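This report refers to the structure that appears directly beneath it.
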Amino acid sequence: MKILILLITFLLTSIAFSEEQKKYDFYWDNIPVVCAAPEEIDRWAEHKGFTPLSISYGREGGKPDGQVVYIVVYYLNKNNGETFATVTTPTSPDVCVVFRTFGLQLNPEIMDEYMNKRGLTL
């Protein structure tokens, strides 16, 4: 009888409800990055003519209200269209450059929406 009561209790208390979540075929990978102290990244960026363009925050669980787990800064050289991005964590002493690109092309529809209609400028 005790086993039957324990079994029923276990079944009734172990039912879980969750939202249906879409699954994607993502996978973790290793990418090459170059890291340095923030002051060294700033010195290099200034020497190469880069200006920080934006900063954004990666949050725990990919949720807008999650704790900040990484910080992305996107840089632009307005003279030649070169860009690069850095990533760091709130607790890391270093910053890592994750990519550097050339020949930036901006989506004209987005530029019209955000630059002309909302008054944002580069």
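The values are calculated or read from the model by the stated rules, or taken from the named source; none is laboratory data. Worth saying up front: this structure is predicted, and the values here are computed from it rather than measured. Here Cβ is always computed from backbone atoms with ideal geometry, including for glycine, and neighbour counts include all displayed protein chains.
Which of the residues that make up the range 48-88 are under 12 Å from the mean Cα position of the chain (by Cα) and at positive phi?
G61, G62
Listed residues T88, T101; which is touching a residue at least 40 places away in the same chain (Cβ under 8 Å) and closer than 20 Å to P32 by Cβ?
Only one candidate qualifies: T88.
Which of the residues that make up the range 88-103 are among the β-branched types (V, I, T) and surrounded by fewer than 17 Cβ atoms within 10 Å (Cβ to Cβ)?
Matches in the range 88-103: T89, T91, V98, T101.
Within the range 76-99, how many residues turn out to be closer than 15 Å to H47 by Cα and out of contact with any Leu (no Cβ under 6 Å at 6 or more places or on another chain)?
Counting residues in the range 76-99 that are closer than 15 Å to H47 by Cα and out of contact with any Leu (no Cβ under 6 Å at 6 or more places or on another chain) gives 6.
Can you name every residue in the range 34-63 that is surrounded by 13 or more Cβ atoms within 10 Å (Cβ to Cβ) and touching a residue at least 40 places away in the same chain (Cβ under 8 Å)?
V34, C35, A36, P38, I41, L53
Can you report the number of residues in the range 49-86 which are part of a loop (DSSP other than H, G, I, E, B), within 15 Å of F99 (Cα to Cα) and at pLDDT 95 or above?
1
Here is a list of conditions, (1) in a loop (DSSP other than H, G, I, E, B); (2) under 30 Å from Q21 (Cα atoms); (3) out of contact with any strand residue (DSSP E or B) (no Cβ under 7 Å at 6 or more places or on another chain); (4) not small (G, A, S), and P93 meets all of them except one; can you say which number that is?
Condition not satisfied by P93: (2).
Which of the residues that make up the range 105-122 are closer than 24 Å to E82 by Cβ, of a type outside the set (F, W, Y), at pLDDT 65 or above and surrounded by 10 or more Cβ atoms within 10 Å (Cβ to Cβ)?
L106, M111, D112, M115, listed by residue number.
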